[in-house]
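Coordinate-derived values only; no laboratory data. Bear in mind that the values here come from a model prediction, so they are computed numbers and not experimental data. Cβ sites come from the backbone with ideal geometry, for glycine too, and all protein chains shown count toward neighbours.
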Amino acid sequence: MKKFMCVKIGLMISFLILVFICLYENYHVREFKKITNELTHSSSFKNIIEKAESQYNNKTIKITLTLDSKYNGYKTIEKFEFLEAFQRQFRYFIRNSKYLSQKQKESITLLVNANTSTYTFTNIYLNKNRLYHSESTLYKDKKKIYSNIYLSGTGNGYLFSSSTSEFEKEVLQYASYLFRSLTKHGSDYYDDDTKMIADIVTKKFNISFNEYDAIYRKNYLGMQ
């Protein structure tokens, strides 16, 4: 009888743990869907993204995107940068979420349909001990067409465009230098480092935090 009760209690505890895990994962899925919906209707993507659905399993965030057919007319680098901007903004919202920040380095896969063409975009962290060290790859009909590796503080991660001024480039290059020096390429990063870098940059260039933040959002996150 005593043995039976122990087994019964053990099963109940296992069941409760399983329920908790399911509720915990379902919460993440709901939050990921919320972020996906917000991005889809943002000024950066609303003219191209027609529909978006997200799911989360096996530590991978998968988002299915239906895009306007004009996406097919983009150059390869433009196709890549559009999806790169989407995943960066997605990670930005995760990182700044009170309950999702621990998921900011999960792999992201974008499954893209644009008329008769299909694309797959992946972003995978190569070193999770660094703040930013990931590889993004774009495939068209399962064939790799573009890939790039981003490493913290090297300055190769900015989405510069014709609208980027020389002043903006100077600000961001200096910020990259500070980040590289203070955090050892992101391997020794603390949350306070971001504020410290922002304080130094804004004082050096005599700009407000909002001005600096706008430069960062535009040229790193691709926000419009």
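Some notes on this structure:
- Computed extension length for A198-R95: 35.3 nm, one decimal, from 0.36 nm per residue of separation with the Cα-Cα distance subtracted.
- Greater than 20 Å apart at Cα, pairs in K98/K195; K70/K218; K62/K105; K79/K144; K51/K218: K70/K218; K51/K218
- Proximal charge balance of V171 [Cβ under 13 Å; K/R count +1, D/E count -1]: 0
- In this simple spin-label approximation, T137 and S42 carry label points 7 Å from Cα along the Cα→Cβ vector, and these lie 2.6 nm apart.
- Subset of K59/K169; K103/K204; K46/K142 violating a 32 Å alpha-carbon distance limit: K59/K169; K103/K204
- For the stretch 22-128, the fraction of alpha-carbon pairs in successive 5 Å shells from zero, as %: 2, 12, 24, 26, 18, 11, 5, 2, 0
- Once the Cα gyration tensor of the stretch 50-100 is diagonalised, semi-axes √(5λ) in Å: 24, 14, 9
- The mean of 1/r over all distinct Cα pairs in the stretch 164-224, once inverted, gives the Kirkwood hydrodynamic radius of 11.8 Å.
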